[in-house]
1. Where the only charges are on Cβ atoms (+1 Lys, Arg; -1 Asp, Glu), what is the dipole of the protein assembly as shown about its Cα centre, to the nearest 20 debye?
2. For a quick protection proxy, order the peptides A:379-389, A:151-161, A:439-449 by their average other-Cβ count within 10 Å, most packed first.
3. Within a 10 angstrom radius of each residue's Cβ in A:345-354, how many Cβ atoms of other chains show up on average? Whole number is fine.
4. Once Lys and Arg get +1 and Asp and Glu get -1 on their Cβ, which of A:Ala251, A:His166, A:Pro197 lies farthest toward the positive end of the dipole of the stretch A:126-272?
5. Can you tell me the Rg and Dmax of the stretch B:2-75, counting just the alpha carbons, in angstroms?
6. Using every pair of alpha-carbon atoms in chain A, split the distances into 10 Å bins beginning at 0 and state the percent of pairs per bin, rounded to integers.
7. Between A:Gln522 and residues 5 or more places away or on another chain, which pairs have amide H atoms under 5 Å apart, with H built 1.01 Å from N, and which residues are they?
8. Take every DSSP beta bridge with both residues inside the protein assembly as shown and express the antiparallel ones as a percent of the total, to the nearest 5.
Amino acid sequence: MNAILNPGVTRRSVLAGTGALVLSFSMRGALAQEAQVKPGDESSNFQPQVEAAPELPGSLAKTPKLDAWIRVAADGKVTVFTGKAELGQGIKTALMQVAAEELEVPFETLTLVTPDTGLTPNEGYTAGSHSMQDSGTAIRNAAAQVREILIGQAALRLGVPAEQLHAEKGAVAGPDGKRIGYGALVADDLLNVDAQPTSKLKSPDSFTEMGTPRQRVDIPGKVTGGQAYVQDMRLDGMLHGRVVRPPSPGAKLVKFDDAAAKAMPGVVQVVRNGSFIGVLAEKEWQAIKAMRVLSLGAGWEEHASLPDIAKLPEVLKGMTTKDGIVKDAQKPVQGVRSVEASYTRPYQVHGSIGPSCAVAQVKDGVTTVWTHTQGVFPDQGAIAEMLGQPVEKVRCIHVEGSGCYGHNGADDSAADAALLAQVAAGRPVRVQWMREQEHAWEPFSPGMVTKVHAQLDASGNIVDWNYELWSNNHSTRPGSAGALLPAQYLEKPFQPDEQELKISPEGNGDRNSVPLYAFPSQHVVWHWIKDMPLRASALRGLGAYMNVFTIETFMDQLALEAGADPVEYRLRHLQDERARAVVSLAAEKFGWQANQKAPRDHGYGFAFARYKNLAAYCAVAMEVEVERDTGRVRLIRGAAAVDTGEIANPDGVRNQVEGGIIQAASWALYEGVTFNDTRVTSVDWSTYPILRFDALPGQLDVHLIPRPGTKFLGAGECGQGPGGAAVGNAVFNAIGARLYDLPLSRERIKAAIGA
Amino acid sequence: MVALTINGEAHQVGAEPDTPLLYVLRDDLKMNGAKYGCGLGQCGACTVMVDGEAVFSCVTPVLLLEGREITTVEGLGTVEKPGPMQQAFIEEQAAQCGYCIAGMMMRAQSLLQKNPNASDAEIRAHMEPNLCRCGTHMRIMRAIHRAAELMRSGAGTGAARVTGERGS
Ligand code: FES
Ligand code: FES
């Protein structure tokens with residue numbers, strides 16, 4: 001019931017929750033949900049809403065009709081609709097668990113429809129660890145309300161009070177063994193009603209589905225060669241498209257010769273529009289060969305427009321356009337000692353293993369695009385604008401791709417496919433990017449500089465914290481057509497959207513720049529950079545990774561300065577009980593001992609953050625080994641503790657956090673985009689190495705702190721900051737020297753050791 | 001025309017002989033298992049077995065493969081009857097996006113088929129060429145150990161056509 005599920009509950013809402021269907025549905029004013037954060041993308045353009053007016057839970061606020069989320073067919077089959085996409089995070093399975101639980105239908109019988117501008121609710125982007133909060137909350141409440149409506153219908157049919165009926169296995173059952181299947185209870189527009197602010201949610205102690213590990217529905221197909229990805233789509237008559245990308249950002253096509261390509265076997269069509277070149281062929285390999293030949297016949301005018309990579313931090317600092325005050329210290333506090341450090345990180349790629357891909361087809365004047373974008377609705381608008389067509393002439397359907405971890409080439413390849421489909425005479429067109437295109441042209445996660453200055457009192461406690469960061473915005477998703485790469489290179493090019501500085505609770509480049517620690521005085525400034533020396537956009541966690549890396553490695557430095565154990569030092573400054581709980585649990589499970597010394601060339605590191613300061617809590621302890629001669633780092637073992645509120649699929653959460661920590665370790669140890677004054681030079685896996693099996697820990701345990709009855713907090717990104725920072729601290733602990741520039745490369749480690 | 005034996009079946013394909021096996025599998029034969037990741041032999045998403053050895057299908061032209069025994073993930077079993085390797089990956093839930101996974105399974109298969117008692121260090125070293133961006137490595141390792149167990153005990157229902165060395 002509500003009282004258990006909503007900590008902020010009032011007596012009134014308890015009454016609403018336990019009342020009969022009709023009563024609870026009439027008590028619209030009895031809203032007592034926690035202040036709902038509006039469904040939003042991970043960028044900063046929303047404000048949390050604390051309203052007196054009834055606010056529908058999760059994405060129901062935007063799409064209130066129950067049958068937009070749940071439909072029951074006459075044969076009893078239940079279909080659930082979500083606007084959030086499966087990105088490999090297991091969201092499909094988790095959402096189905098939620099629906100099965102509240103609707104009282106067997107998990108196996110559910111069908112889930114994922115984002116499709118023609119079918120599903122518009123839930124914006126699947127990003128920012130929002131899927132469970134937005135869609136999970138909407139589906140859960142919608143399912144509970146549908147269940148109660150069906151019980152109400154059964155009560156009328158059977159002439160028994162609703163209180164004597166209950167839902168089970170897709171039917172409503174009464175005390176005398178009477179049962180009516182859901183299918184027989186639905187009629188016409190029964191579910192075509194607006195959701196109510198409160199729902200009669202099931203109590204966590206009666207859960208049979210939520211909170212229980214569930215094998216993911218997509219894995220059997222993926223391990224047996226089933227059609228699982230947009231890359232695997234093969235529509236009748238489908239052509240293969242490839243695009244010739246310019247050699248460098250902003251390059252202009254000045255010479256073009258397609259005669260040789262057109263004469264190649266299988267080539268159906270060559271397209272040139274401004275500096276956009278594409279080719280269509282019957283077979284994929286033919287398209288690739290033709291792309292190469294076209295590339296040879298193309299001449300480009302390039303500009304030396306990229307910054308000096310050796311001076312990147314200074315360049316970025318010199319580009320500040322505006323300052324945003326993220327947190328204003330009302331009164332600076334004077335300590336007895338002060339410590340300062342500055343950190344840098346390079347540009348990074350998302351680095352999906354499968355390069356971006358899309359399929360598009362024009363039929364009856366409508367362009368349908370199958371895409372692994374995180375936002376089918378925004379892409380629909382942007383692609384329509386690019387094509388100069390009304391929005392209803394474009395339909396975008398999500399199909400899984402390779403993991404993206406943010407805004408990679410998905411949307412751009414969708415635009416490529418949409419453009420090429422216009423000249424394909426109704427035939428479907430599949431476009432996949434080449435590896436070097438993905439590496440060079442996906443929007444990068446921006447380079448950043450951070451600086452922190454802390455004052456300690458006589459006992460080493462932090463009394464004043466002054467933090468600065470230099471960064472672009474971390475999200476340039478569509479948006480308008482100008483956010484789509486090919487659109488920027490057309491004869492009539494579209495301009496990228498104007499960037500703006502916004503300070504928001506969830507944060508952007510400034511995400512997690514305010515420590516959760518209770519310092520008497522904190523001041524945080526975002527030196528905001530408007531221009532994009534390299535096209536940049538959202539990568540898992542946005543600024544959180546770098547800000548947490550800075551805060552948490554600096555905390556270690558301060559602990560050392562104060563002669564304190566790093567875990568104890570953190571706890572000393574942490575008041576939030578849930579934060580303390582994850583820190584303590586990770587330390588305990590790791591076997592953390594105050595002032596322990598690691599074996600020779602080994603190091604222990606610890607880090608903590610609450611993602612966005614309002615989502616999941618995560619603490620990570622890590623042991624590493626550093627090979628002194630080479631500077632090579634190996635992870636030895638790790639333990640993490642996570643509080644992600646209510647959990648739908650515990651194994652799904654573990655999988656996400658494990659993966660996040662490993663990925664963050666890769667970011668921290670190896671990764672950085674390289675470029676000369678004109679071109680990006682990290683264009684494959686040899687020039688942009690990532691973590692391989694040899695660096696893997698022997699053990700990495702993720703311990704969950706279940707919080708039944710609390711809100712979903714999302715899990716997808718909480719491991720990034722603490723994961724990277726724990727590795728950083730462990731490296732420092734192993735080599736006894738601090739590094740302030742990411743990545744913590746072999747060269748830098750060797751130099752720091754003096755080997 | 002090129003004659004290929006894939007998962008025990010003979011195929012005649014009308015591909016140009018320089019075509020890498022990957023595109024013949026995906027495009028001509030409409031098989032999903034082998035994935036395009038880099039086309040450069042750098043990531044392993046396209047890994048298949050040729051005569052029991054793990055091979056990057058993206059850089060192996062079909063003209064070199066006539067008369068050789070090619071095995072893809074489709075040859076390890078089916079959804080209904082998963083082979084031990086597939087069974088193990090399902091049991092361990094060893095996938096996030098899963099894009100790298102078929103290649104991982106094929107590389108692991110090539111090792112375990114020869115040596116089902118491979119040590120943890122041997123497995124790691126063997127898996128080194130294959131990349132996973134989701135960070136699923138821990139589970140992949142667990143799944144490979146589990147697959148080895150299943151193979152040693154003769155469990156797993158599918159795997160009818162898992163082939164050994166050439167000519168087996
Ligand atoms: S696709 Fe063959 S190794 Fe990457
Ligand atoms: S599971 Fe996504 S790349 Fe490995």
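1. About 360 debye.
2. Highest mean packing first, the order is A:439-449, A:379-389, A:151-161.
3. 4
4. A:Ala251
5. Cα radius of gyration and Dmax of the stretch B:2-75 are 10.7, 29 Å respectively.
6. 3, 14, 23, 24, 19, 12, 5, 1, 0
7. Residues meeting the amide H criterion: A:Gln330, A:Trp465.
8. Antiparallel: roughly 75 percent of the beta bridges in the protein assembly as shown.
The numbers here are math on the coordinates, done by the rules we state, and not lab data. These figures come from a predicted structure and were not determined experimentally. With ideal geometry, Cβ positions are generated from the backbone for all residues, glycine too; neighbour counts draw on all protein chains shown.
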